[in-house]
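The values are calculated or read from the model by the stated rules, or taken from the named source; none is laboratory data. Since we're looking at a predicted model, the values are computed, not measured. A quick note on method: Cβ atoms are made from the backbone with ideal geometry, for glycine too, and the neighbour counts reach across all protein chains shown.
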Amino acid sequence: MDSDTIAAIATAVGEASIAVIRVSGSCALGVVDRIFRGRVSLEQAPSHTVWHGWIVRLDSGQHIDEVLVTVMKAPRSYTTEDVVEIGCHGGTQAVQAILLELLRAGARLAEPGEFTKRAFLGGRVDLAQAEGVMELIGAQTVAGKDAALRQVEGSLTKLIKALRQNIVELMAHIEVTIDYPEHDVEEATSELIKDGVTRLSRELRDLIATAASGRVLKTGIRTVIVGRPNVGKSSLLNQLARAERAIVTDIPGTTRDIVEEGIQIAGVPLRVSDTAGIRETTDVVERLGVMRSRQAIKDADLLLIVIDASEALEEEDEELLALVSSLPAIVVLNKMDLPPRIGLEEISQHVALERIVQYSVFRPELLRDLEQAILRVVFGGELQPRDATFLANARHLSLLEQASVSLQQVLESLDMGVTLDVLAVDLRQAWVTLGEIIGETPREDLLDQIFSQFCLGK
Amino acid sequence: MSYHAGEYDVIVIGAGHAGSEAALAAARLGSKTLLLTINLDTIAFMPCNPSIGGPAKGIVVREIDALGGQMALTTDLTYIQMRLLNTGKGPAVQALRAQSDKALYGRVMKETIENQENLTLRQGMVERIVANGGKVAGVVTQTGAQYFAKAVVLTTGTYLRGRIIIGDVSYQSGPNGQLPSMRLTDSLIDLGFSLTRFKTGTPPRVNRNSICFDHLAAQPGDPEPRHFSFRDDVAPRDQMDCWLTYTTEDTHGIIGENLHRAPMFSGDIEGRGPRYCPSIEDKVVRFRDRPAHQVFLEPEGRNTAEWYVQGLSTSLPEDVQVQMLRTIPGLERVEMLRPGYAIEYDAMLPTQLWPTLETKMVSGLFTAGQINGTSGYEEAAGQGIMAGINAAMHALNREPVVLHRSDAYIGVMIDDLVTKGTSEPYRLLTSRAEYRLLLRNDNADERLMDIGHRIGLLPNERYDRFLAKREGVEAEKRRLRSVRVQPSQLEEVFSDRGIAMPSAAVTLEQLLKRPEIDYTLLNQMFPSGETVSDEVSQQVEIDTKYEGYVTRQTQEINKQKKLEELRLPADIEFSAIAGLSNESKEKLAQVKPMNVGQASRIEGVSPADISVLLIWLEARSRRRAANG
């Protein structure tokens, strides 16, 4: 039914030692072949075999990671389509890089539940599982919508919106030239389109260059946990990290003394670090003066301030709370399982209520509140990222690249003297592709633009 | 007193552009058809501009012809000017536009209708639609005539509770002073339909003898006019010029001083007007910094001095209209024959229709044209022919015909209407089509004649002519693919023209794909042994040059078609499907899409919702298999 090829990371994103990326679809073998260097071409490989090799960059052939690739041919696979599973080294960087190359090679990112959906439509899994998938998709739709809405404020989104606006103005100009041939609007001439598209193409390439080097792809949003000793910083970090693993692997995590951990919340990568080791002292200024923690706070994109709710607020706590005015921060009122000595009212004198999360290590379900609060800050546009492409991930990047190819095609066509009707196709494609990044493809946009930009009518 | 006036397969109410096509199509398909109109003298009347065609619209006219409809031929027999527009912008967006002789157009259409077998024409105002148990039964007229039928097509134009507004004056009226239909709306509401109120407008008309053409620019027709209809037997006609002038600062001054008397701004008009056809007062207010707006002066016919002032649609008071006209170069001493006006009318929300244009609520009742919220003669005629076809199919117990978005602009339009609805009078624009490169002026026959002939609407002799053309196109394409030429054979011509040389032997097809080589040049260098008609060579050239893009769009279409083939059961309860968002449940229940493809185009229905529907369908068929 769906013949296009989809890809997704099948294991947890984090510090696991290996990860698996699954690819499914009628062109799965061909797509992976384009970036796989091993002893065979996967198209020729027999079904249910495992091959050693390297995943390379599509453009330069540069090695990305050493991998084991499993080939399962239709219909003897989970989805009943051709399936390739790429086992690579764990960690965000390698996995994201491989995923990006897959998208470049012609796959698209799978929707939530899409592998199971295909399995079901292919006659594979049973009804009960299918109903589970329907619910999952439904839930993801709601969550995805919220995320998309929040992203509207994000900085990447702002840049993309500006680009799309420029493109749609150019499109409107072409459309008016086509649909109102006798109107005295300035015709969308080749020079005019060339100027516009050349400028847009340059802006888009700049954006891609920044996105490709985007910090988030490597490190995530720098999140620093601060607080007095023994308020529960380390266990909070451990739980954030473990919850992440538990979701997918079902392997109980061992509590380690983590100093820094890469985690993902709803697809947003965070690099969370603990400032443990700060000496107890009454002088908070001196405490913050400890080189390492001061640097950590200074570099932070986001602060998690942990306060022990079972003890009265101390001067150090108040000093930390004062940081809220200068940095995006969330206050975690910890140890809510004990009789509280601090109330919400007291904290809310320092911090807005939606920035306060009540928490207890014995009630891990409260972790969700914290994650929501973090996402609110991330998508709320308050973070001042040091580069514009804060949230760029593999999917964003591959779509940006596709849009860039469409714009290049417009320029090439212009040079060849191709007519307006054909130019419009590629220009529109660039607009639609950029729209996919931010979840916007309404057709009426273009008509609205035409009628607000030009004076038309009989 | 009412009386039994007759029994028919199909009754069409209204003889405008939608009604004429509907009635002719139904009758030609062999159903006994009755066409009722308020006034026999205004059949296929053009209450606004005297022109047919233009971008997208002109292609609709070709599509109507390819299906076996009438608008193209009647235009070809009556035009006073013909132009091919967008010639430099690519074949996909080229379109014919005719200036029509209004009176002659109506007369020829009336004659065609009068002489059509199976078709009865009668004057009468329908006041009531009769339906029993959700099925249409017939209609009752103002004079008490009861007609019975298996299918009824409503094409009421702007007549439903029509109201004309000119400045502070307003009165109940159909277009151009015709009798309005005041009671039929109530009958539709009784049947359970939701109606809305739309508005449109027209400019003043002036006497040609009072126009001074000395400083105006003439807009002539094409020296060798092409025609809408796919025929060889249409003779070219003598043409007349249109003229171009502009509004002035004085015009805008007068409009500004009188805005308080403009009903659009005083709030006297409640109906929603079209954005693409604003009044001059609208244009002046919204685009204040424009010093001048274009005004085209267009003859309304060969035997009349009445001219149309395109660009000056208005509902300002009559005295202001005269003042305004006389500030325009060439019109300093103009005599206004009729004032422009705005007209409000009732329309139905088109989401109440199936893609066949049959209403969901009353089986056998079809609607087409302005009642469905569209604007324009061509849009009306395009729906008219489909409503006529499907009404006949309904009456004759045959399969309905639905055109896809990839088949025709008519398909795009109807799908937009029934899937998304419209909040303003809907006009076709080429940008509404996602497969614009396929929906061309040159290939409407290739796209639709098979369908027209299969259902029995397109006569054999016209289909045979098309088959001959198709064979000619294929033969010539075969030749271009098979003939290889050496670089040495190209050297002379290519170096003369500064065209880059190929490094090895190439086929003629490969040469034709290059932007700098057209068919004429190719055929000069390597002539075909046989005569290739312009029609054939044009098709070959376009198909060849566009091939890459066409293949890309065809792949998209095939993907989409798979979704179109997945029918959704009529009794589906969307609210009971877990996983659909609440918004989608509501929208799906309202639109009742016929298949998954249509569902995917409903605003607010996401790809995730479509996945849920696919899984639900599969689960349903497995349950059935298990129980069966």
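Among the criteria (1) within 11 Å of chain A (Cβ to nearest Cβ); (2) out of contact with any Ser or Thr (no Cβ under 7 Å at 6 or more places or on another chain); (3) within 22 Å of A:ALA128 (Cα to Cα), the one B:ARG624 does not fulfil is (1).
Examine region B:600-610 for a residue that is under 30 Å from the mean Cα position of the chain (by Cα) and part of a helix (DSSP H, G or I), and state whether such a residue exists. Looking for residues that are under 30 Å from the mean Cα position of the chain (by Cα) and part of a helix (DSSP H, G or I), one finds at least one in region B:600-610, hence yes.
Scanning for something surrounded by fewer than 24 Cβ atoms within 10 Å (Cβ to Cβ) and within 24 Å of B:GLY311 (Cβ to Cβ), does region B:34-42 turn up at least one residue? For region B:34-42, residues surrounded by fewer than 24 Cβ atoms within 10 Å (Cβ to Cβ) and within 24 Å of B:GLY311 (Cβ to Cβ): absent.
Restricting region B:288-331 to residues that are farther than 23 Å from B:ILE80 by Cβ and among the acidic types (Asp, Glu), the residue that is farthest from the other protein chains (Cβ to nearest Cβ) is B:ASP319. Among residues of region A:113-124 that are facing another protein chain (nearest Cβ under 9 Å), those with a Cβ under 6 angstrom from a residue that is buried (at least 21 other Cβ atoms within 10 Å of the Cβ) and outside any helix (DSSP H, G or I), sequence gap 6+ or separate chain, pair up as A:GLU114/A:ILE6.
Among the candidates B:TYR171, B:TYR246, the residue that is over 24 Å from B:PRO47 (Cβ atoms) and either in contact with a strand residue (DSSP E or B) (Cβ under 7 Å, 6 or more places away or on another chain) or surrounded by fewer than 18 Cβ atoms within 10 Å (Cβ to Cβ) (or both) is uniquely B:TYR246.
If you go through region B:1-33 and keep only what is part of a loop (DSSP other than H, G, I, E, B) and surrounded by 21 or more Cβ atoms within 10 Å (Cβ to Cβ), you end up with B:GLY14, B:ALA15, B:GLY16, B:LEU29, B:SER31.
In region B:396-405, the condition of being among the polar types (S, T, N, Q), part of a helix (DSSP H, G or I) and more than 10 Å from the chain's Cα centre (by Cα) is met by no residue. For region B:63-96, a tally of residues being of a type in the set (S, T, N, Q), surrounded by 24 or more Cβ atoms within 10 Å (Cβ to Cβ) and more than 11 Å from every other protein chain (Cβ to nearest Cβ) returns 4. Here B:LEU458, B:LEU490, B:LEU439 are screened, and the one residue that is away from every other protein chain (no Cβ under 14 Å) and at pLDDT 95 or above is B:LEU458. Kindly check whether there is at least one residue in region B:230-241 that is crowded, with 17+ Cβ neighbours inside 10 Å, within 14 Å of chain A (Cβ to nearest Cβ), in contact (Cβ under 8 Å) with a residue 12 or more places away in the chain and under 24 Å from the mean Cα position of the chain (by Cα). No, every residue in region B:230-241 fails to be crowded, with 17+ Cβ neighbours inside 10 Å, within 14 Å of chain A (Cβ to nearest Cβ), in contact (Cβ under 8 Å) with a residue 12 or more places away in the chain and under 24 Å from the mean Cα position of the chain (by Cα). In region A:343-366 there is no residue that is at pLDDT below 80 and either touching a Gly at 6+ places or on another chain (Cβ under 6 Å) or among the hydroxyl-bearing types (Ser, Thr, Tyr) (or both). Only one entry in B:GLU318, B:GLU379 is acidic (Asp, Glu) and within 28 Å of B:ARG62 (Cα to Cα), namely B:GLU379.
The residues in region B:302-348 that are part of a loop (DSSP other than H, G, I, E, B) and either within 30 Å of B:LEU191 (Cβ to Cβ) or free of Cβ contacts under 8 Å to residues at least 12 places away in the same chain (or both) can be counted, and the count is 1. Scanning region B:127-175 for residues that are within 19 Å of B:ILE38 (Cβ to Cβ), in contact (Cβ under 8 Å) with a residue 24 or more places away in the chain and of a type in the set (Phe, Trp, Tyr) returns B:TYR147, B:TYR159. Go through the residues of region B:537-554 one by one and say whether even a single one is without any contact (Cβ under 8 Å) to a residue 24 or more places away in the chain and either farther than 30 Å from B:ARG601 by Cβ or in contact with a Pro (Cβ under 8 Å, 6 or more places away or on another chain) (or both). Looking through region B:537-554, none of the residues is without any contact (Cβ under 8 Å) to a residue 24 or more places away in the chain and either farther than 30 Å from B:ARG601 by Cβ or in contact with a Pro (Cβ under 8 Å, 6 or more places away or on another chain) (or both). The helices (runs of 4 or more DSSP H) falling completely within region B:446-518 that include 2 or more residues that are within 38 Å of the chain's Cα centre (by Cα) map to B:460-482, B:508-513.
Scanning region B:265-287 for residues that are over 26 Å from the mean Cα position of the chain (by Cα), within 8 Å of another protein chain (Cβ to nearest Cβ) and of a type in the set (Phe, Trp, Tyr) yields one hit, B:PHE287. In the condition set (1) at the interface with chain A (Cβ under 10 Å from one of its Cβ atoms); (2) surrounded by fewer than 23 Cβ atoms within 10 Å (Cβ to Cβ); (3) not hydrophobic (A, V, I, L, M, F, W, C), B:ASP609 is compliant with all but (2).
Look at region B:355-372: where a residue is more than 15 Å from B:ALA15 (Cβ to Cβ) and a partner is crowded, with 20+ Cβ neighbours inside 10 Å and of a type in the set (Lys, Arg), sitting 6+ places away or on another chain with Cβ atoms under 8 Å, you get B:GLY364/B:LYS150.
Filtering region B:543-558 for residues that are within 13 Å of chain A (Cβ to nearest Cβ), more than 30 Å from B:LEU511 (Cα to Cα) and either surrounded by fewer than 18 Cβ atoms within 10 Å (Cβ to Cβ) or of a type outside the set (Asp, Glu) (or both) leaves an empty set. Within region B:34-62, the residues that satisfy the criterion of being part of a strand (DSSP E or B) and within 14 Å of chain A (Cβ to nearest Cβ) are B:SER51, B:ILE52, B:GLY53. Cβ-Cβ contacts under 6 Å between residues 6 or more apart (or on different chains), taken from a first residue in region B:247-266 that is within 20 Å of B:VAL295 (Cα to Cα) and modelled with pLDDT of 95 or more to a second residue that is small (Gly, Ala, Ser) and surrounded by fewer than 22 Cβ atoms within 10 Å (Cβ to Cβ), are listed as B:THR247/B:ALA292. Only one entry in B:THR351, B:THR419 is within 14 Å of another protein chain (Cβ to nearest Cβ), part of a helix (DSSP H, G or I) and touching a residue at least 60 places away in the same chain (Cβ under 8 Å), namely B:THR419.
Here B:GLU583 does not qualify as touching a helix residue (DSSP H, G or I) at 6+ places or on another chain (Cβ under 6 Å), charged (D, E, K, R) and either within 10 Å of another protein chain (Cβ to nearest Cβ) or surrounded by 15 or more Cβ atoms within 10 Å (Cβ to Cβ) (or both). Of the candidates A:LEU375, A:LEU423, A:LEU370, A:LEU446, the single residue that is in a helix (DSSP H, G or I), at pLDDT below 90 and within 10 Å of chain B (Cβ to nearest Cβ) is A:LEU446.
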